[in-house]
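To start, the structure under review is shown below, and the notes come after it.
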Amino acid sequence: MHQITKSNNLFEEAQNYIPGGVNSPVRAFKAVGGNPIFIKKAKGAFIYDEDGNEYIELINSWGPMILGHANEKIEEAVHEAVKGSLSFGAPTAKEIEMAKTICEMVPSIEKVRMVNSGTEATMSAVRLARGYTGRSKVIKFEGCYHGHGDSFLIAAGSGAITLGEPNSPGVTKGTARDTITVPFNDINKVHEAVMANKDNVAAVIIEPVAGNMGCILPNQGYLEALRKICDSEGIVLIFDEVMTGFRLSKAGAQGVFNVQPDLTTLGKIIGGGMPVGAYGGKKEIMDFVAPVGPVYQAGTLSGNPVAMAAGHAMLNEITSDESLYSDLALITAKLENGIQAGLDELGLPYTINRIGSMISLFFTSEKVTDFEGAKKCDLKLFGQYFREMLKRGVYLPPSQFESWFISKSITPALADRIIEASNESLKAIH
Ligand SMILES: *Cc1c(COP(=O)(O)O)cnc(C)c1O
């Protein structure tokens, strides 16, 4: 049962050639202890490691595999595209189809530019907001993640009006000065920050539902209040829907909460598993991008034909499945109820947050509505829970601060297996 010899050997070898043995830090399992498993393949709801262990998948490439792994329609589209060469660096008809589909699905997006990752999308959107407004400051929220662009790697100052500090070496103080970080779900702090930087705030960027500090929902009226402040102060409101786009609804979180941002950033699901991102929004703002406008942004591989084929096939699958989001919500609610029942039976007071197919089990007895709340979790206990789940064949995101991603391949029977594993794991660690 659960031998991980090959993974351990590969991890050792990987560290000789790749910093930390991984190409993205969270994969190293640092937050939960132990070594990462090395993946060989995946199909539907299951992922297999190099030792041949089978796991039920709740990472799903951090979101993109919303239909489950190795979806045949998407793979067919990719195979077809590959036959016509892998890249041109020139316009293709497929890019129009893709852009049109995105504009139809997300009403606030009138024009869209394709890029290669979520990071590129948010960096570009912020540059555009600055260029468009002629202002320099950006307001972001504690615990929200917008990729690894310099402007976002800024820790909060001690108050809304104090300057931020770089939270990674390599980010300059100059960059930090232009980013203001305020707590999630506290509209007064946004007001304060805007007033303290009157006529100098270019953009407010937010995950409308946070997924990168665990799943945290916006308070009632919060997104509307942000919209109002941005309207009255001439600030560009950016919804970073890299995670929530095409996950919470066809129109993302903005479709669920009915608040329209000026710009939206997309990634993850939009590539169907290929490296893709996009940013789009109001025509008037998007036409500020080169070559029509003065704000420069480019990409050799942007709109890549294989990536567009995968992404477009994914969006087609999503639009043709009428009950996708209600099915996903139903199965995730089943998980929530089952895990909650297990907690109740053991007398454990932990907190579950869920919306649609995003769900987090926080190891704290308090409500979690912001990053301060999420940080109250018992991280050691989460690590133990994670490893117990892995032993029982459930592959969770290796961090308390990540949402679980439920795919369409999770059947009720598999949900029961996850619940059972959760109950056993909770018992094992208490
Ligand atoms: C994943 C993520 C990003 C970064 O996307 P990458 O493709 O990893 O660069 C940005 N914003 C949010 C909300 C994300 O979840």
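The values are calculated or read from the model by the stated rules, or taken from the named source; none is laboratory data. Predicted model, so just to flag it, every value in this text is computed and none were measured. Here the Cβ is made from the backbone with ideal geometry for all residues, glycine too, and neighbour counts use every protein chain on show.
Here are a few things to note about the model shown:
- For Thr101, the stated conditions hold: it is hydroxyl-bearing (Ser, Thr, Tyr) and more than 16 Å from the ligand (Cβ to nearest atom).
- Residue count, region 316-335 (criterion: of a type outside the set (A, V, I, L, M) and surrounded by 17 or more Cβ atoms within 10 Å (Cβ to Cβ)): 4
- The listed residues are Pro349, Pro291, and the only one of them that is surrounded by fewer than 21 Cβ atoms within 10 Å (Cβ to Cβ), in contact with a Ser or Thr (Cβ under 8 Å, 6 or more places away or on another chain) and not in a helix (DSSP H, G or I) turns out to be Pro349.
- Meets criteria (hydrophobic (A, V, I, L, M, F, W, C), crowded, with 22+ Cβ neighbours inside 10 Å and away from the ligand (no atom under 14 Å from the Cβ)) for Met243: no
- Number of residues in region 186-240 that are within 16 Å of the ligand (Cβ to nearest atom), aromatic (Phe, Trp, Tyr) and surrounded by fewer than 21 Cβ atoms within 10 Å (Cβ to Cβ) equals 0.
- Meets criteria (within 16 Å of the ligand (Cβ to nearest atom) and assigned to a strand (DSSP E or B)) for Ala121: no
- Matching residues, region 274-284, being surrounded by 24 or more Cβ atoms within 10 Å (Cβ to Cβ) and either on the phi > 0 side of the Ramachandran plot or assigned to a loop (DSSP other than H, G, I, E, B) (or both): Val276, Gly281
- Against the list (1) in contact with a helix residue (DSSP H, G or I) (Cβ under 8 Å, 6 or more places away or on another chain); (2) over 28 Å from Ile418 (Cα atoms), the condition Ile66 fails is (2).
- Selection status of Ile56, touching a helix residue (DSSP H, G or I) at 6+ places or on another chain (Cβ under 7 Å), in a strand (DSSP E or B) and not basic (Lys, Arg): yes
- Hey, Ser365 away from the ligand (no atom under 16 Å from the Cβ), polar (S, T, N, Q) and without any contact (Cβ under 8 Å) to a residue 12 or more places away in the chain or not: no
- Pair list, Cβ under 6 Å, 6 or more apart: region 197-219 residue not assigned by TED's automatic domain parsing to the domain that holds Glu336, other residue near the ligand (Cβ under 9 Å from one of its atoms) and not in a loop (DSSP other than H, G, I, E, B): Ile205/Asp240; Glu207/Asp240; Ile216/Ala210
- For Ala298, the conditions (1) on the phi > 0 side of the Ramachandran plot; (2) surrounded by fewer than 24 Cβ atoms within 10 Å (Cβ to Cβ); (3) not charged (D, E, K, R) are fulfilled apart from (1).
- Taking region 41-90 as the range and being free of Cβ contacts under 8 Å to residues at least 12 places away in the same chain and surrounded by 14 or more Cβ atoms within 10 Å (Cβ to Cβ) as the test, the residues that pass are Tyr48, Glu75.
- Looking across region 1-33 at every residue that is in a loop (DSSP other than H, G, I, E, B) and surrounded by fewer than 16 Cβ atoms within 10 Å (Cβ to Cβ), the one that is modelled with the lowest pLDDT is identified as Met1.
- Selection within region 246-262: residues that are within 13 Å of the ligand (Cβ to nearest atom) and aliphatic (A, V, I, L, M). The member of this set that is surrounded by the most Cβ atoms within 10 Å (Cβ to Cβ) is Ala253.
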